[in-house]
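Each value in this text was obtained by applying a stated rule to the coordinates, not by laboratory testing. All values reported here derive from a predicted model rather than from experimental measurement. As a convention, Cβ positions derive from the backbone with ideal geometry for all residues, glycine included, and neighbour counts pool all protein chains shown.
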Amino acid sequence: MKKAVILVFVLISGLSLNAQPNMSISGSVEWDLQEIRTVVSLDLVSAGLRLPAGRTQGETLLNAGYVGLIRPWIFSLRVDSSSSIGDLIEREEITLVEVDAFIQQSISVSPSLSQDMRSITSSHTIPLANISSALLRHTRPSTIMRTLNPVSAASYTGIIIIAAENLPVHGMRSSALPVPCLFPKIWDSEMNLVYERNILENRARPMVRYSSVENIFFSNHPSGLSPELREIVGERPLRIFARGVFGINPTDLIIDRSDALLIISSDDNRRLLSQGKVVIILDDSVLRYDTNQ
């Protein structure tokens with residue numbers, strides 16, 4: 001599908017919505033919570049609806065309009081360092097039918113009326129895990145890299161990569177703040193690929209989780225980790241500082257070769273990758289962003 005076709009489709013959707021009663025959407029993409037949260041609102045006055053008889057029709061219009069309003073959010077979602085969902089549609093790697101399936105899987109709260117009774121709103125949450133799971137196509141996990149010269153390494157319960165500051169961009173004389181995506185790659189400092197999406201054994205599990213610095217300095221537990229992080233990486237995770245970023249967008253992380261060897265030198269630690277027991281710590285500014293239409 002050509003990019004122009006997608007653009008025309010979006011414009012047509014927008015025109016059709018503008019011809020209908022006034023509707024709006026607001027919310028945020030929350031990478032730390034692995035969710036897209038939205039609130040959709042319909043102006044009842046512009047729809048010519050009067051309560052109480054018009055409430056059912058208002059709810060119907062609200063639900064129908066939600067699909068068209070949330071699509072641009074899904075299109076812009078960053079899949080990896082070089083692609084968004086919209087790019088995948090353009091390359092015909094996924095279809096609009098699949099995108100709408102993500103939307104239909106959203107968790108919704110029953111619509112409610114505003115205090116002045118002039119509008120009706122509904123809340124929706126789309127788990128990012130539903131999207132990443134649908135985009136994983138492999139039927140058998142890829143082999144994790146090994147080394148001919150393994151080092152002595154403890155058995156860890158998870159992996160935490162700290163990348164909350166500007167990092168050097170590989171091959172360039174610049175730095176960038178790492179940003180999240182559905183499928184980040186992890187490289188070692190010799191540019192060997194350590195971790196990528198096809199390594200996952202369980203396609204229903206996110207490849208990585210994202211969190212903020214404060215959750216690795218949690219004062220109420222000896223490990224220093226928040227309860228949410230302990231659930232993912234356990235009590236004794238390997239903690240690594242990222243050394244750089246790589247890719248068209250700064251989503252892929254570079255770790256030191258010595259840290260990579262701690263992971264790939266034992267079956268137990270390699271299994272942490274295949275099981276998705278990986279957390280990436282990013283700056284708060286990139287973990288959530290608000291969008292309004």
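For the stretch 186-280, chymotrypsin sites (Phe, Trp or Tyr not before Pro) meeting the loop criterion (DSSP other than H, G, I, E, B) and having at most 14 other Cβ atoms within 10 Å: 217.
In a simple Cβ point-charge model (Lys, Arg +1; Asp, Glu -1; nothing else charged), the stretch 159-287 has a dipole of about 240 debye relative to its Cα centre. Annotation: amide H-H contacts under 5 Å for residue 244 (H modelled 1.01 Å from N, sequence separation of 5 or more, or interchain): 254. For trypsin sites (Lys or Arg not before Pro), the sites in the stretch 166-201 that DSSP calls loop and that have at most 10 other Cβ atoms within 10 Å are 173. Dividing the mean sequence gap of close Cα pairs (under 8 Å, 6+ apart) by how many residues the chain holds gives a relative contact order of 24 percent.
Measuring r between the beta carbons of residue 113 and residue 67 and using R0 = 35 Å, the FRET efficiency lands at 0.95.
Summarising the amide proton neighbourhood of residue 79: residues at separation of 5 or more, or on other chains, whose placed amide H is nearer than 5 Å comprise 84, 85, 182. Projecting the Cα atoms of 229, 113, 128 onto the charge dipole of the chain, computed from C-beta unit charges around the Cα centre, puts 128 farthest toward the positive end. Applying a length cut-off of 30 Å (Cα extent along the axis) and a mean Kyte-Doolittle floor of -1.0 to the DSSP H helices of the chain leaves 55-76.
The share of Cα pairs per 5 Å bin across the chain, counted from zero up to the longest distance, runs 1, 5, 11, 14, 15, 14, 12, 9, 7, 5, 4, 2, 1, 0, 0 percent. Calculated mean residue ellipticity, 222 nm, the chain: -9000 deg cm²/dmol, from DSSP H runs (n ≥ 4) at -39500 (n - 2.57) each, averaged per residue and rounded to 500.
Rounded to whole numbers, the Karplus 3J(HN,Hα) couplings from phi for the stretch 229-235 are 6, 4, 5, 8, 10, x, 8 Hz, using 6.51 cos²θ - 1.76 cosθ + 1.60 with θ = phi - 60°, and x at Gly and Pro. Put in line by how crowded their Cβ is, counting other Cβ atoms within 10 Å and starting with the fewest, 283, 116 read 116, 283.
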